[in-house]
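For reference, the structure discussed in these notes is given below.
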């Protein structure tokens, strides 16, 4: 099953060409395809590709990788490169040009993955018919030399007639859960017995599962959506978007800590609406996401939101919501939130407070700094520290900082590829267990007349399944005992397995050929 | 409980060292008494190689006859005792902390050491090849001593780690797989230091090849499950089943190397020595993945 016959593909026609120049010119399409096919079904190809993938993974582990999304924007990427420059020095541009700072999205990695997938598919297609034949149309009789040279073999003399002897062989094999196929011939009664004939299909399952997993990765990368910064202030509602018709209301948030100050639990009370109708209520915490219709909500982070109200000069409310202060200033001292006022294009309001654990003498407790920007103007329209609950009029609009509220930061993701990954993973484990723990065990038996009864020959291939060896001998012993009802004490009959050591040694040639 | 865990660990380190001393003495004395047929069984490593096919370990019921109470046998008893102490240490620790050994480097190291001892005891029992102990016991001892130096303060679990069952299974499978890989790696080393066809006093290469294959077919499916459970956990905790986190990538690398080994074993020109190199490379990857916590940060950087 695993032996690969490596014959050199006939690349160019051998006959007819008179000089060297002539050969190699006429590469026919089929010859090329044939060559390609042989390349992909070669396990050596697969092996080299696996190792190449391993090498790329090693590079990806050893070198710092650009965080997701950073490589798309040139300016961000340049600043990221600058940040790793002290570590890699003059190699930085070289490594960057080779794509080694984003190994897993590099063309090399994709190319090897595609080649490996092709190889895996080709191997499976190539192998499946042979496995099918081995399982369902096995060769039931073997030549005489097989019985004298097989890695596992034994010969037993029993005092019964061949018919009774083969019935006995069948019965014992069946009691050991072997399937038996009889095939009478001139050379005697041929018996084929096997167990776990579906085991080798595990290789096909395992290899195809690998393709299913890769398909899942591909779907994850190309479909679905992921919003890693989905913030909702407690009491507010936020739209999920992406055509889901979902919106989420945060009803509570709590963070608890151990005595030593390390975090113990973060939890958000959420109500999920589909097209305005509540469909699910759940407390979401780390490790306990909320899932609905393929969309998942994960607890990710949290912070403080400022409840703001904006009115125009006529007293009409233009904006009233809590602004999550999700950004941190470059010096890390301030938490910043931002919102736009509906109907006022280009107007952007920043809400600024001292970051958690930081103190800004200018922004006291119960205060909030507002910075109002108008698009197209380099300087802010106004920057002002406001008191909680009092309205301040800036450029014709009245701003009120009402109170702070906690906000919860969620990851919202819809990943159709994940299910493929899980199905592929399950298949992979099933496949591996079939291959490794249910090896196809085959025994060929020949029963023929001998002086004083019948001679029973046993032979089996033992490739990579040494655990079968004791079982094989146990079977032979059982058959021998069952076939000689009268003499139970006299176990080692003449002509029985020559001696244990002989059989042991018989096993050695097979292992030396493996080198 | 914490004290009990510490004492058990200390005891196991000492017993591992005793076992190692026994094996080294056997090796040293064995060379001088090899020709005495009575002692043949005592040098188990030599016994397998020199008596060739007859001593094919568990596969032949004739050889199960144990050695007399020799130094080597004491070595074996010490490894059992060490395993008992290590198990006790892990159990006491788990009772004390209330969770499996996955919260910090100390717990990983003791669990890893347990995995190696368990795998060694199992394979020695199955195949009677004590020689691999000469390689595995020092590594186990070093790992356990490392555990003692790294500090065993129990820290409370951060929210992402509060998935006791999933993580316990994840780590349990990992340590068994790692144990099996260490046995395979030791077999790889013993394979490579011998000339083609074997060397007197060392297990026969074909035997080593068989043991390492047995170890890998246990370890590889387990490692596969470890990676998959890691992905399940990542999906539950972070919303992504795979994020190319360094530890994830290093496990993938390990998985690929052992996958390569499984294929190499049936490719002409790769079986034998090259496959043995892959076993060593694989174990290097295991160690790299294990100690990776210390330098590559990322999502697995809980353990400081």
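Every read-out reported here was derived from the displayed coordinates using simple, explicitly stated rules and does not represent laboratory data. The shown structure was predicted, so the numbers you read here are calculated from the model rather than taken from an experiment. Cβ atoms come from the backbone with ideal geometry, glycine included; neighbour counts cover every protein chain shown.
Give me a single rounded figure for B:260-273: the average over its residues of other chain Cβ atoms within 10 Å of their Cβ.
Across B:260-273, the average partner-chain Cβ count within 10 Å equals 5.
So what's the projected area for region B:167-274, the Cα convex hull averaged over all directions, in nm²? Please list the in-between numbers first.
Values: hull surface 29.6 nm².
The Cα convex hull of region B:167-274, projected and averaged over all directions, gives 7.4 nm².
Among A:442, A:177, B:271, which comes first, second and so on when ranked by fewest other beta-carbon atoms within 10 Å?
Ranking A:442, A:177, B:271 by Cβ neighbours within 10 Å, fewest first, gives A:177, B:271, A:442.
By how many degrees, between 0 and 90 and to the nearest 10, does the Cα long axis of helix A:162-175 differ from the longest principal axis of chain A?
20 degrees
So if each residue of separation counts as 0.36 nm, and I subtract the Cα-Cα distance between residue A:288 and residue A:348, what length gain in nm does that give?
Roughly 18.0 nm would be gained on extension.
In nanometres, what is the gap between the two model label sites at residue A:92 and residue A:265, each 7 Å from Cα along Cα-to-Cβ?
Placing both labels 7 Å along Cα→Cβ, they lie 4.6 nm apart.
Step by step: find N for region A:225-414, compute 2.2 N^0.38 Å, then divide the Cα radius of gyration by it. What's the final number? Please report the intermediate quantities before stating the final value.
Values: Rg = 17.6 Å, N = 190, 2.2 N^0.38 = 16.2 Å.
That ratio works out to 1.09.
What does the average come to when, for each residue of peptide A:282-288, you count the partner chain Cβ atoms lying within 10 Å of its Cβ? Please list the in-between numbers first.
On the way: counts 0, 0, 0, 2, 9, 11, 5.
Shielding by partners across A:282-288 averages 4.
Report, largest value first, the span of the C-alpha coordinates of region B:62-172 along each principal axis, in whole Å.
The principal-axis extents, from largest down, are 55, 28, 21 Å.
How many Cβ atoms of partner chains, on average, are near each residue of B:226-233 if near means within 10 Å of its Cβ? Don't skip to the end; give the middle numbers.
Details: counts 0, 2, 8, 1, 0, 5, 4, 1.
Average neighbour count from other chains, rounded to a whole number: 3.
How many nm is it between the label spots at residue A:482 and residue A:395, if each spot is 7 Å from the Cα in line with the beta carbon?
Once both label points are built, they end up 9.5 nm from each other.
Could you check how many percent of all C-alpha pairs in chain A are farther apart than 42 Å?
Counting pairs separated by more than 42 Å, the tail of P(r) holds 52 percent.
For region A:370-409, take every pair of Cα atoms, bin their distances at 10 Å starting from 0, and report each bin as a whole percent.
The calculated distribution, bin by bin, is 26, 43, 28, 4.
How far, in nm, would the chain grow between residue A:258 and residue A:126 when pulled straight, counting 0.36 nm per residue and subtracting the alpha carbon separation?
41.6 nm
Please state the shape class of region A:369-491: rounded when a/c is under 1.5, otherwise prolate if a/b exceeds b/c and oblate if not, all from the C-alpha gyration tensor. Intermediate results must be reported in sequence, preceding the final value.
Numbers: a/c = 9.13, a/b = 5.67, b/c = 1.61.
Since a/c reaches 1.5 and a/b is larger than b/c, the shape of region A:369-491 is classed as prolate.
Can you list, largest first and rounded to whole Å, the semi-axes you get for region B:107-178 by taking the square root of 5 times each eigenvalue of its Cα gyration tensor?
28, 16, 6
Out of all DSSP beta bridges with both ends in the protein assembly as shown, state the antiparallel percent to the nearest 5.
Of the beta bridges lying entirely in the protein assembly as shown, close to 100 percent run antiparallel.
What is the distance, in nm, between label points placed 7 Å from the Cα along the Cα-to-Cβ direction at residue B:28 and at residue A:187?
Between residue B:28 and residue A:187, the simple spin-label model gives 5.9 nm.
Could you sort B:15-22, A:88-95, B:172-179 so that the peptide with the highest average Cβ count within 10 Å comes first and the rest follow in order?
Numbers: B:15-22: 22.0, A:88-95: 12.4, B:172-179: 24.6.
Ranked from most to least packed, the peptides come out as B:172-179, B:15-22, A:88-95.
Relative to the longest principal axis of chain A, what angle (0 to 90°, nearest 10) does the C-alpha long axis of helix A:500-513 take?
With rounding to tens, the tilt is 50 degrees.
Which shape class, rounded, prolate or oblate, goes with region A:261-319 when its Cα gyration tensor gives a ≥ b ≥ c as root eigenvalues, a/c under 1.5 marks rounded, and past that a/b bigger than b/c marks prolate? Working shown, then result.
Working: a/c = 3.96, a/b = 1.52, b/c = 2.60.
Taking the square roots of the gyration eigenvalues as a ≥ b ≥ c, region A:261-319 is oblate.
If the chain between residue A:437 and residue A:251 were fully stretched, how many nm would it gain, using 0.36 nm times the residue separation less the Cα-Cα distance?
Once the chain is fully extended between residue A:437 and residue A:251, it gains 61.8 nm.
Going by Cα centres, region B:174-224 and region A:335-408 are how many Å apart?
About 66 Å separates the Cα centre of region B:174-224 from the one of region A:335-408.
So what are region A:31-132's ellipsoid semi-axes, whole angstrom, largest first, if each one is the square root of 5 times an eigenvalue of the alpha-carbon gyration tensor?
For region A:31-132, the ellipsoid semi-axes come out as 38, 12, 11 Å.
Which peptide among A:350-359, A:384-393 comes first, and what is the full order, when sorted by highest mean count of other Cβ atoms within 10 Å?
Those peptides, ordered most packed to least, come out A:350-359, A:384-393.
By its C-alpha gyration tensor, with a ≥ b ≥ c as the square roots of the eigenvalues, how is region B:243-291 shaped: rounded for a/c under 1.5, else prolate for a/b larger than b/c, else oblate?
oblate
Where does helix A:74-88 land angle-wise versus the long Cα axis of chain A, in degrees 0 to 90, nearest 10?
70 degrees
Run the numbers on chain A and let me know its relative contact order in percent, using alpha-carbon pairs under 8 Å that are six or more apart. List each step's numbers first, then the result.
Details: 898 pairs, mean separation 101.0, N = 515.
Result for chain A is 20 percent.
Could you order peptides A:297-307, A:244-254 by the average number of other Cβ atoms within 10 Å of their residues, highest first?
A:297-307, A:244-254
Over the C-alpha atoms of region A:138-252, what are the Rg and the largest Cα-to-Cα span, Dmax, in Å?
31.5, 91
When the label point is put 7 Å from the Cα of residue A:314 along its Cα-to-beta-carbon vector, which residues of region A:384-399 have a backbone N closer than 16 Å?
A:396-398
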